[in-house]
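To keep things clear, I will list the structure first and then write my remarks on it.
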Amino acid sequence: MTAGRRLPGWAIPGAVQAVLGGLLLYGLTGIPDLAARWGASAGSVVAVIGWIALAALGFALLRDRPRRRSFALLALLLMAVRIAFALLAVWRTSTGDPNAYLNLAKGLLAGQGLVIYDPFFGSAWRALFPPLYPLLLAGWGALFGFSTPSVLALGTLTDAAAAGAIVLLGAQLGSAAAGRRAAWLYLIWPSVLFSAPLAQKELLCALLVLALALFWLRRPAGWRGALALGLPAGLLALTQPGEAPLAALFGLVLVGQIGLWPVLATGLRGAVIAAVVMLPWWIRNWLLFHAFVPLTTASGASLWIGNNPEATGNWEPPPPELKGIPELAYGRRIQAIAVEWIRSHPADFVRLSITKFLRACGIAQFGVTRLVAMGPPFPRMLAAALWPLAHGSHLLLLGGVALRLGRVPVTLVLLIAGCGLQLLLFGIWFEFGERHREFVTPFLLLALCWTFAPVEKTAPTP
């Protein structure tokens, strides 16, 4: 398949444009609510102008392959802006997943195993979180500790690897310039900057999803190809199980270019390798629970968080009457409550699912919300200065891609469509907030940069 080939007709790009346009409109209508919540600050003008200048400088220097001096300048600016964002988290304790992952990693180094006590569940849980990111964090912490600079370094290395994958993806599709520029934007993207100094697994998820996309473009043959597909697919399942179907969805959306039987044959081989990758986790869980726990015991709780009378898509305390119930029984009980609510409120379920999708994909304030939730208290003045940058950049991305999607190569459009299918088929039914759509950002950035970069002649994609 060739990168410059266009889709026959208008159905798929038209559908993608319609969704992005709808999300843009929703995001625009949300501005008054965000302003009322966070307030206004003259500092937001400085933040937005500074970020635009930084993005524009990278755009100019990365049109062609950068020289050493230009590369060194961009690297210094990147580290400066990342350190500035890290200072927001220094001497503060994060809540939610970042704190949980740090505690898991510290517990692993202390010989306690992958166990965490959750005060809301009222018991210790041994498979609440998938294992890969805690293991990675524990290994890093054993060497460099768990300070904010150490976690920032790990996040920056992860982001740099993702940026490298974006460059490769751009070159594979036909524009190395678009890949370089998208990689630069990704490294300074507000949501990524907010996550870099925290123990947040979404950065690793984005890297693994990009690896899956690169595989389906290159498709090495035989068991070498199976390893290239199955390894990131298995690792993604052990990091964020809800995103694991992307390994198959990318192949399915490209089936018209690759062919049905090659997709099925490659997918089956990759599934074997993915199963081998996950096998140690399965064995460990069988020994602990005497039951098959494929990935996590959190699925029931996640379903309830996303489907109950007070649900918003974001985390909320579970029913207190379940407190103290053993892990597997807890999962079954809370899942049954969610299923019963869905069965008895089908219209509310549909409405809530649509609302969750619009909020999570059309609004960008999670980084600010997470900072404010940290302790000691985060200055509201800084929150007022930062939310326009976070939300405005997201609206710019949605609008830019929606308006110029017709200039984007078919393969990239299909990859974006595959990401959308992932969210609609496997995401919105559960706990579903902004961080659960972060893996889509690199593909949208590449599409945005594509419209400003000349297409270069490259060998056809196999």
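The values are calculated or read from the model by the stated rules, or taken from the named source; none is laboratory data. Since we're looking at a predicted model, the values are computed, not measured. Here the Cβ positions follow ideal geometry from the backbone for every residue, glycine too, while neighbour counts run over all protein chains shown. Accessible surface is based on the protein model in full, side chains and every heavy atom, while ligands, DNA and RNA are left aside. Shrake-Rupley method; radii C 1.70, N 1.55, O 1.52, S 1.80 Å.
Things to note:
- Point-charge dipole on Cβ atoms (K/R +1, D/E -1) for region 369-439, about Cα centre, debye to 20: 180 debye
- Shown here for region 292-340: chymotrypsin sites (Phe, Trp or Tyr not before Pro) in loop regions (DSSP other than H, G, I, E, B) with at most 14 other Cβ atoms within 10 Å, namely Phe292.
- Using C-alpha pairs under 8 Å with a sequence gap of at least 6, the mean separation divided by the residue count of region 233-292 gives a relative contact order of 37 percent.
- Counting only residues at least eight positions apart within a chain, or on another chain, the aspartates and glutamates with an alpha carbon under 12 Å from that of Lys323 are Asp118.
- What the Cβ-Cβ distance of Thr355 and Ala42 gives, at R0 = 35 Å and to the nearest 0.05, is a FRET efficiency of 0.55.
- Calculated from backbone phi, Karplus (6.51, -1.76, 1.60) coupling profile of region 402-407 in Hz, x at Gly/Pro: 4, 6, 10, 5, x, 8
- Scanning residues 5 or more positions from Ser123 or on other chains, those with amide H under 5 Å from its amide H are Asp118, Gly324, with H placed 1.01 Å from N in the peptide plane.
- The largest accessible area among Met374, Met381, Met79, Met278 belongs to the first residue in Met381, Met79, Met278, Met374, and the rest follow in falling order (1.4 Å probe, all chains).
- Ranking Phe129, Phe378, Ala182 by Cα position along the charge dipole of the chain, where only Lys, Arg, Asp and Glu carry charges on their C-beta atoms, puts Ala182 farthest toward the positive end.
- All aspartates and glutamates inside 15 Å of Lys106 as judged from Cα atoms, apart from same-chain residues fewer than 8 positions distant: Asp97
- With the helix formula -39500 (n - 2.57) applied to DSSP H stretches of n ≥ 4, the chain reaches a computed 222 nm mean residue ellipticity of -22000 deg cm²/dmol.
- Dipole size of the chain about its Cα centre, with +1 on Lys/Arg Cβ and -1 on Asp/Glu Cβ: approximately 1240 debye, rounded to the nearest 20.
- Mean Cβ count within 10 Å, highest first, over the residues of peptides 113-124, 206-217, 163-174, 66-77: 206-217, 163-174, 113-124, 66-77
- Simple Cβ-charge dipole of region 318-404, Lys/Arg +1 and Asp/Glu -1, about Cα centre, in debye nearest 20: 140 debye
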